[in-house]
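*Asks:* The structure that follows is given in the form of structure tokens.
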Amino acid sequence: MYLQKLSILNYKNVREATLSFSPKLNCLFGKNGQGKTNVLDAIYYLSFCKSHNNPIDSQNINHDADFLMLQGAYEAGDTVHEFNCGIRRHQKKVFKHDKKAYERLADHIGTIPLVMVSPADEELIREGSEERRRFMDMAISQYDHPYMNSLMEYNRYLQQRNALLRNENMRPGDDMFEIYEIPMGELAQEIHTKRKKFVEAFIPVFDHYYQAISNGQEHVGLLYRSHLSQGDLAAQLSSVRARDLAVGNTTRGIHKDDLEITMDGYPIKKVGSQGQNKSCLIAMKLAQSDFLRQTGCHTPILLLDDLFDKLDEHRVEQILSLVSQDNFGQIFITDTHFEHLCQHVQRICPDYKLFSVDDGNVVEYVSEQNQN
């Protein structure tokens, strides 16, 4: 599946644009702050019903407008599917597939598989466990809808248990806690099993891409850590109930899981250079894309925002060589330097399009070579 045509109206600083894309490689160039990332974010929105970097829908509407609209035509085999999203201020957003509105936005996730790499994703390496749980959840949810439903249900019970822990007007009994803890335990076991299975299958794919990018200069590893490895969660919640009451929070569960990333046996966020950290991030995202392809769903669209920053020329060449292979489908790349971008893409892919982005105006760039 690939994005054939995109229409944008009032999305952030992009007031209006109608763009037709190459099924393989599309490059957007322009100075920082002109809207390149906003175009990629609009594509991301059509896959996940939300922005990659701003979860508040109303803030994605252009400041001078009352609404935004996104429309994408996606080709899958001999069929073209249309997806539309409309948001008005102070109203519920509407998301449609071939003119039929979704009853639940969660039902759309996975329909247009997509993987994005952006500077904001560096938190995956540097920050706490929440970002790495989100990475696992976003990957698994794109091919396993029951997983997302279980995760949403678990989080609902978690919120209810936390509310009970913080209720200062009553002293709830054990039976009231068990109303939430028993189903939490069942759901947590299901989620843990699927996360563990994903990580085990993902590690060799990730290792392949990191070794290719780094030319084997260092070795990275992934280790899934979870309280569920210590047994049934409901029993653990019962044993720590007094402590949880004291702190007003649930201290055990799959919401505390982590995916530890190491380099040569040490946490990469402590020992890795900027280039090594970014190489690790890109390897994880390329592996995620290839892993999703292998699950039997459509080959994901790949968005590479500000790809060249912090990477030496060798690693850039390795990455571009990898994504030009048949394992990857449609690709979008942004860069600030036109000549630098052209120098790389012309070597790796004859089927590409270039777009200039200036103050929210997006125009396809046609070189003299393409005109001839």
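The values are calculated or read from the model by the stated rules, or taken from the named source; none is laboratory data. Only a predicted model underlies this, so the values are computations on that prediction, with no experimental measurement involved. As a convention, Cβ positions derive from the backbone with ideal geometry for all residues, glycine included, and neighbour counts pool all protein chains shown.
*Asks:* If you take just the strands (runs of 3 or more DSSP E) that sit entirely in segment 24-125, which of them hold at least 2 residues that are within 18 Å of the chain's Cα centre (by Cα) and surrounded by 18 or more Cβ atoms within 10 Å (Cβ to Cβ)?
*Replies:* Where strands (runs of 3 or more DSSP E) fall fully within segment 24-125 and carry at least 2 residues being within 18 Å of the chain's Cα centre (by Cα) and surrounded by 18 or more Cβ atoms within 10 Å (Cβ to Cβ), they are 114-117.
*Asks:* Also, I was wondering about something else. Could you list, ordered by first residue, the pairs with Cβ atoms under 8 Å in which the first is in segment 211-222 and touching a residue at least 12 places away in the same chain (Cβ under 8 Å) and under 12 Å from Met263 (Cβ atoms) and the second is surrounded by fewer than 16 Cβ atoms within 10 Å (Cβ to Cβ) and among the small types (Gly, Ala, Ser), at least 6 apart or interchain?
*Replies:* Gly221/Gly265
*Asks:* Here's a check for you: in segment 166-194, which residue that is within 27 Å of Leu292 (Cα to Cα) and in contact with a Ser or Thr (Cβ under 7 Å, 6 or more places away or on another chain) is surrounded by the fewest Cβ atoms within 10 Å (Cβ to Cβ)?
*Replies:* Taking the candidates together, the pick is Glu190.
*Asks:* So which pairs qualify, if the first residue must be in segment 248-266 and without any contact (Cβ under 8 Å) to a residue 24 or more places away in the chain, the second must be assigned to a strand (DSSP E or B), the Cβ gap must be under 7 Å, and the two must be at least 6 apart or on different chains?
*Replies:* none
*Asks:* Residues that are under 24 Å from Gly35 (Cα atoms): list the helices (runs of 4 or more DSSP H) wholly contained in segment 306-372 that include at least 1 such residues.
*Replies:* Per the criteria, 313-323, 338-348.
*Asks:* When both residues are 6+ apart or on different chains and their Cβ atoms are under 7 Å apart, which pairs have a first residue that lies in segment 349-372 and is at pLDDT below 80, and a second that is surrounded by 10 or more Cβ atoms within 10 Å (Cβ to Cβ) and among the hydroxyl-bearing types (Ser, Thr, Tyr)?
*Replies:* Cys349/Ser324
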